[in-house]
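**Q** Starting off with a structure, shown below.
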Amino acid sequence: MLSRAEVFAELGIGPVWRQRDRQGHASPVPPVSAYSWDQLADAVAHCSACGLHTSRTQGVLGMGDRNADWLVIGEAPGAEEDMRGEPFVGQAGKLLDAMLAAIGLQRGDNVYITNVLKSRPPGNRNPEPGEVAACRPYLLAQIELVRPRLILTLGRFAAQSLLDTDESISRLRGRVHQFRDVPLVVTYHPAYLLRNLPDKARAWEDLCLARRTMQALVAA
Ligand code: URA
């Protein structure tokens, strides 16, 4: 069966699917909601929708339980992730594992971990708006495939791009948002927490909020 993207390509009507974000950036990647996991992995591995494909070692799709209740979304692969092809395997990843363990979770078990960008920005610079927009269809496809009960965003880029806002983390945290019909809790990025230890207490509050929210969702 042809995927929706292939059907649209056959029909030659590519540009109609180019939704724009608030800054007017469109992705050259069509909506990929009809993709299977294998098709999605293949699309990310061969993606050249933004300039990052020229400097990355490989695309990093994500890892973990594809039927997870928890979807954790970070910013972009760093140097180690780019080499190993898995998200959050460096120092920030160790802290993420500790954060998950603090609320009784373990990487790969009822948790799926991914990033807003699937390719490493050179020198770990911040993602550019055009790159975030280009990669968005992949993230949306992952959300559709996992169908999580709750999304936990790590850091500013994940929160702002999913909530389509430019509000700061400090203004976004402390309450439950919705991404489409999925509850979404915002917390700090573990790499930020490694440099700003006092904010770990706030991150703990966010994790407790996420855990309480999940408990209520499961009970309902
Ligand atoms: N930082 C991220 O946002 N994602 C990773 O995968 C690693 C570090």
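**Q** Give me the pairs: first residue in the stretch 82-93 and within 11 Å of I113 (Cβ to Cβ), second residue open to solvent by 70 Å² or more (accessible area, probe 1.4 Å) and within 8 Å of the ligand (Cβ to nearest atom), beta-carbon distance under 7 Å, and six or more apart or on different chains, which are they?
**A** Sorted first by the residue in the stretch 82-93, then by its partner, the pairs are V89/E80.
**Q** Could you check the stretch 151-194 and list, in sequence order, the residues that are of a type in the set (F, W, Y) and either under 16 Å from A76 (Cα atoms) or open to solvent by 30 Å² or more (accessible area, probe 1.4 Å) (or both)?
**A** F157, Y188, Y192
**Q** Just name the residue that is surrounded by the most Cβ atoms within 10 Å (Cβ to Cβ) out of those in the stretch 195-209 that are of a type in the set (A, V, I, L, M, F, W, C) and under 12 Å from M99 (Cβ atoms).
**A** Within the stretch 195-209, the match that is surrounded by the most Cβ atoms within 10 Å (Cβ to Cβ) is A203.
**Q** Just to be sure I understand, how many residues within the stretch 74-118 are open to solvent by 30 Å² or more (accessible area, probe 1.4 Å) and within 11 Å of the ligand (Cβ to nearest atom)?
**A** Of the residues in the stretch 74-118, 7 are open to solvent by 30 Å² or more (accessible area, probe 1.4 Å) and within 11 Å of the ligand (Cβ to nearest atom).
**Q** Out of the residues in the stretch 31-73 meeting the condition of being outside any loop (DSSP other than H, G, I, E, B) and touching an Asp or Glu at 6+ places or on another chain (Cβ under 9 Å), tell me which one is surrounded by the most Cβ atoms within 10 Å (Cβ to Cβ).
**A** L52
**Q** Scan the stretch 120-140 residue by residue and report those that are within 13 Å of the ligand (Cβ to nearest atom), open to solvent by less than 10 Å² (accessible area, probe 1.4 Å) and either in a helix (DSSP H, G or I) or among the hydroxyl-bearing types (S, T, Y) (or both).
**A** L139 - this is the single residue of the stretch 120-140 that is within 13 Å of the ligand (Cβ to nearest atom), open to solvent by less than 10 Å² (accessible area, probe 1.4 Å) and either in a helix (DSSP H, G or I) or among the hydroxyl-bearing types (S, T, Y) (or both).
**Q** Tell me which of these V72 doesn't satisfy, since it passes every other one: (1) modelled with pLDDT of 95 or more; (2) touching a Lys or Arg at 6+ places or on another chain (Cβ under 8 Å); (3) within 13 Å of I143 (Cα to Cα); (4) not charged (D, E, K, R).
**A** With respect to (1) modelled with pLDDT of 95 or more; (2) touching a Lys or Arg at 6+ places or on another chain (Cβ under 8 Å); (3) within 13 Å of I143 (Cα to Cα); (4) not charged (D, E, K, R), V72 is out only on (2).
**Q** Which of the helices (runs of 4 or more DSSP H) contained wholly in the stretch 159-220 include at least 1 residues that are touching a Gly at 6+ places or on another chain (Cβ under 8 Å) and small (G, A, S)?
**A** Because the criterion is at least 1 residues that are touching a Gly at 6+ places or on another chain (Cβ under 8 Å) and small (G, A, S), the helices (runs of 4 or more DSSP H) in the stretch 159-220 that meet it are 190-195.
The values are calculated or read from the model by the stated rules, or taken from the named source; none is laboratory data. On a predicted model such as this, the values are computed, not experimentally measured, just so you know. Because the Cβ atoms are built from the backbone with ideal geometry, glycine has one as well, and the counts that use them run over all protein chains shown. For accessibility, only protein heavy atoms count, side chains too; no ligands or nucleic acids. Shrake-Rupley method; radii C 1.70, N 1.55, O 1.52, S 1.80 Å.
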